[in-house]
Amino acid sequence: MKAFSLVIAALALSAFSAQAADKAGIMEDYFPTTDGSLHTGAQVRSLLDAEALKEPLRKVSERITQIPKEEQAAFVNDFNAMQRPAYNAALWPDRKDYDEFIAAWEKTQIVPVTQVAVGLQKTEDGTWRVLSVTVDARTKRQIPLTISALRYDAEKNVWISNDGVLTPKEYSVPDTSVFGAQTGTEWSLQQETPLGSALKISLRVTRSTDGKYVYLAYTFDERATVTGNSIARGDYLLRFPIPTPGANVGKPGQR
């Protein structure tokens, strides 16, 4: 990754330095510096241990239709959201089966997809932008991330996109999440477009409660209003160590 490091250095040197009096609002809680300096992290994803979960999931699939639909939905939502499912006596009549399920679930790993670097920089119009660089998996070329097109208004605490304004709400997940407990803010935009589609954009910035990582999650989802078919979608989760790099691969409870 020597070439990647060289690009990081070049971007840092060319960044417009923020004045000491400039404040980036709540974003200063997540970025170590706001002068355009770049910090290395990784795009990450969760990877279930399919072999370990094979038998526990088989047992679950045999019983899930026997519980109320709302309880079925709760299990599916938790599992898909990488939240440790809560114990349900109807789903796991033998508590030992639940313990085996959780033991298999906890073998899920957090793995890096590609190296990334980000920084926060004030622009000439007074808003802030996320400087970013990563490596395209297909072309192997260094490119900016799509979050670099957003602008942050620190006074109003909103992100501005070409499609509209992303407004904030508090966000938190407990330690039952495969990524560990986190708190922060999620900015989102939902609207109908003139072309007959439904658009959802969100940017979430959180800090792990153990103080080890900052996470940036971005989602863009556009669907046809009538059919619900996907028109465009993109999402990624970025993780940056604070203050020093941690392991590239982690397990639940070992952030």
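The values are calculated or read from the model by the stated rules, or taken from the named source; none is laboratory data. Worth saying up front: this structure is predicted, and the values here are computed from it rather than measured. We place every Cβ from the backbone using ideal geometry, glycine too, and count neighbours over all the protein chains shown.
Within the option set Thr225, Thr193, Thr123, Thr134, being crowded, with 16+ Cβ neighbours inside 10 Å and in the same structural domain as Tyr30 (by TED's automatic domain parsing) holds for one residue only, Thr134. Can you find even one residue in the stretch 79-87 that is over 20 Å from the mean Cα position of the chain (by Cα) and of a type in the set (Lys, Arg)? No, there is no match, as no residue in the stretch 79-87 is over 20 Å from the mean Cα position of the chain (by Cα) and of a type in the set (Lys, Arg).
Within the stretch 145-158, the residues that satisfy the criterion of being surrounded by 14 or more Cβ atoms within 10 Å (Cβ to Cβ) and not β-branched (Val, Ile, Thr) are Leu145, Ser148, Leu150, Arg151, Tyr152, Asp153, Ala154, Asn157.
Look through the stretch 176-190, keep the residues that are of a type in the set (Val, Ile, Thr) and more than 19 Å from Pro85 (Cβ to Cβ), and return whichever of them is surrounded by the most Cβ atoms within 10 Å (Cβ to Cβ).
Thr185
Scanning the stretch 123-166 for residues that are in contact with a Pro (Cβ under 6 Å, 6 or more places away or on another chain) and without any contact (Cβ under 8 Å) to a residue 40 or more places away in the chain yields a total of 1. Screening Leu195, Leu189 for residues that are at negative phi and part of a loop (DSSP other than H, G, I, E, B) leaves exactly one candidate, Leu195.
Annotation for the stretch 223-231: at least one member residue is assigned to a strand (DSSP E or B), hydroxyl-bearing (Ser, Thr, Tyr) and in contact with a strand residue (DSSP E or B) (Cβ under 6 Å, 6 or more places away or on another chain).
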